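For reference, the structure is listed below as structure tokens.
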């Protein structure tokens, strides 16, 4: 709410006042209140949001009773930001609402463009995976052809010729028992 008030050129008090008066115009998907954890996370990022008493000005600081209570800020969606511009009714709010509408239209176009690019990349990725699978299959089929051919069987010379002749004559069983 603080940032939105700054954008519209009004005080946070005025923005919250108009927001409370026109609460019916803001369904839950237009505006929501931050949780305590989210608020603490945001406050921890701000350098000036210190609750350390030593950091307070001794002149400008009021008593603890009058010090503003910490409240959880409101967060507005794009529709909520436009609705705030409608309830504030200032010239700057009108100009900003037109600007916000154009910004969100441009953002949607870019998201749509990115979605188209992502869809195209997914298609290219699927095609590459198919090609990769096909190339692996081809490689697996070519791998045996790339291996060196086995040496042709050598003909044994000498005694094996005699054994082969003995086989033909039927004496191979007797001779094989004699051989070591």
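The values are calculated or read from the model by the stated rules, or taken from the named source; none is laboratory data. Treat the numbers as computed from the prediction; the structure is a model and nothing was measured. Quick reminder, even Gly has a Cβ in these numbers, built from the backbone with ideal geometry, and neighbours come from all protein chains shown.
Looking only at region 71-127, count how many residues are without any contact (Cβ under 8 Å) to a residue 24 or more places away in the chain and not in a helix (DSSP H, G or I).
Adding up the residues that qualify gives 2.
Give the residues of region 1-15 that are touching a strand residue (DSSP E or B) at 6+ places or on another chain (Cβ under 8 Å) and either without any contact (Cβ under 8 Å) to a residue 24 or more places away in the chain or part of a loop (DSSP other than H, G, I, E, B) (or both), sorted by residue number. Steps first, answer last, please.
First, pick out the residues of region 1-15 that are touching a strand residue (DSSP E or B) at 6+ places or on another chain (Cβ under 8 Å): 1, 4.
Matches in region 1-15: 1 only.
Checking residue 95 against (1) touching a helix residue (DSSP H, G or I) at 6+ places or on another chain (Cβ under 6 Å); (2) at pLDDT 85 or above, which test does it fail?
(1)
Among the residues of region 41-59, are any modelled with pLDDT of 80 or more, surrounded by 10 or more Cβ atoms within 10 Å (Cβ to Cβ) and part of a helix (DSSP H, G or I)?
Of region 41-59, the ones modelled with pLDDT of 80 or more are 41.
After this cut, where a residue has to be surrounded by 10 or more Cβ atoms within 10 Å (Cβ to Cβ) as well, the list is 41.
Those still in the list that are part of a helix (DSSP H, G or I) too: 41.
The answer is yes; a qualifying residue exists.
Please verify whether residue 166 is modelled with pLDDT under 85, in a helix (DSSP H, G or I) and surrounded by 10 or more Cβ atoms within 10 Å (Cβ to Cβ), treating the condition exactly as stated. Give the derivation first.
Working: modelled with pLDDT under 85: yes; in a helix (DSSP H, G or I): yes; surrounded by 10 or more Cβ atoms within 10 Å (Cβ to Cβ): yes.
In short, yes.
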